[in-house]
1. Between helix 129-148 and the chain, what is the angle of the helix's C-alpha long axis to the longest principal axis, kept within 0 to 90° and rounded to the nearest 10?
2. Quick one: order MET1, MET106, MET83 by neighbouring beta-carbon count within 10 Å, fewest to most.
3. Once Rh is set to the Kirkwood radius over Cα pairs, what Stokes-Einstein translational diffusion coefficient, in µm²/s, holds for the stretch 57-103 at a temperature of 4 °C and a viscosity of 1.567 mPa s?
4. Which whole-Hz couplings ³J(HN,Hα) result when phi for each residue of the stretch 25-31 is put into the Karplus expression 6.51 cos²θ - 1.76 cosθ + 1.60, θ = phi - 60°, listed in order with x for Gly and Pro?
5. Enumerate the lysines that LYS134 could reach by cross-link, defined here as Cα to Cα under 25 Å, with residues fewer than 8 away along the same chain left out.
6. GNM, the chain, Cα, under 10 Å: largest mean-square fluctuation among LYS69, LYS58, LYS109?
7. Please list the radius of gyration and Dmax for the chain, considering alpha-carbon atoms only, with Å as the unit.
8. Over the stretch 1-145, what is the mean sequence separation of C-alpha contacts under 8 Å (at least six apart), divided by residue count, expressed as relative contact order in percent?
Amino acid sequence: MPLIELTTIINAPIERCFDLARSIDLHKLSTAGTQEEAIAGVTSGLIGKGQRVTWQAKHFGFRQTLTSKITHFEYPYHFRDAMIRGAFKQINHDHLFQEIEHHTVMTDKFYFESPGGIIGRMFNNLILTNYLRKILIKRNRFIKEIAEGDGWKEIIV
């Protein structure tokens, strides 16, 4: 199963970073270009333990729907969203936070598995891993920018 692991250092309090990472509203803003919308479950605000969200987005020219659930929640250090319905065979996304010397270290561990056996694995290696990595990098840059500025005040109410 492929793993994308990213680390982002943010000059902001850990609680702010944690809340921005679980903000449905920030997620929508950070995915401009994919027409991503939360269509069921928690569709705005902060998602929490045991809650679900269903996303609809356009990737590779196709409209796709994915439902995830927060399966682990330890404020403000770790939460996991796991796909419970969607095109993938499996997705688990761990969001980890540490406070080190007045900075927050945000680590993403994004595990995914495509269906389709060997063809799915080839697609992962040739296209999908890099595509998903770019989306996560863009999202993390957006979280960092909002957390370090004043934009967080409009998202975390």
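Each reported figure results from applying straightforward, stated rules to the coordinates on display, with no laboratory input. Since the structure is predicted, the reported quantities are computational estimates derived from the model, not experimental observations. Ideal geometry is used to build each Cβ from the backbone, glycine not excepted, and the neighbour counts take in all protein chains shown.
1. Approximately 10 degrees, to the nearest ten.
2. MET1, MET83, MET106
3. 103
4. Once rounded to whole Hz, the list reads 5, 5, 4, 4, 5, 7, 10.
5. By straight Cα distance, LYS134 reaches LYS28, LYS58, LYS69, LYS89, LYS109, LYS144.
6. Sorting by GNM fluctuation, first place goes to LYS58.
7. So, for the chain, Rg and Dmax equal 15.2, 47 Å respectively.
8. Once normalised by length, the contact order is 28 percent.
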